[in-house]
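Data first, discussion second: the structure below is written as structure tokens.
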Amino acid sequence: MLSGTQGHKLKRHSIPAMRHYFVYILASQRNGTLYTGVTGALSKRVWEHREDLFGGFTKKYGVKMLVYYEVHDDPQSAITREKQIKRWRREWKKNLIEKSNPHWTDLYDNLMNELPFA
């Protein structure tokens, strides 16, 4: 509680921070091996993939370039979308990437400039 003027008390209202969830696609190179994932901390998760901190598919196949991501406001919609994209044909995934990233640029380096909450 904050004290106000004339003896009145003012309530401090806190606005909860908006949480974001991300569906992302990593690639080994242009038109290379693809990996689709979901996370609540995109920059951290991509960094973990890049540093090979966990074994598995991305480490085995050298999948480290962030080539696509989308932002969701709730975890269920992000998980649903991830599952949808994972079921897609490879060609559909390539088209999705190339709509927003035609040169398959690694988006990781500019991630914090574009999404400070990532």
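The set of residues in region 71-118 that are β-branched (Val, Ile, Thr) and either farther than 15 Å from Arg45 by Cα or surrounded by 15 or more Cβ atoms within 10 Å (Cβ to Cβ) (or both) comprises Ile79, Thr80, Ile85, Ile97, Thr105.
Selection of first residues in region 42-59 that are of a type in the set (D, E, K, R) and of second residues that are in a helix (DSSP H, G or I), restricted to Cβ pairs under 6 Å at least 6 apart or on distinct chains, gives the following pairs, ordered by first then second residue: Asp52/Lys59. Restricting attention to region 28-52, which residues are under 18 Å from Asn113 (Cα atoms) and surrounded by 16 or more Cβ atoms within 10 Å (Cβ to Cβ)? Listed by number, the residues that qualify are Leu42, Ser43, Arg45, Val46.
Computed from the coordinates by the stated procedures, all read-outs in this text should not be read as laboratory data. For clarity, every value in this text was computed on a predicted model and none was experimentally measured. Reconstructed Cβ throughout: ideal geometry from the backbone, glycine too, with neighbour counts over all protein chains shown.
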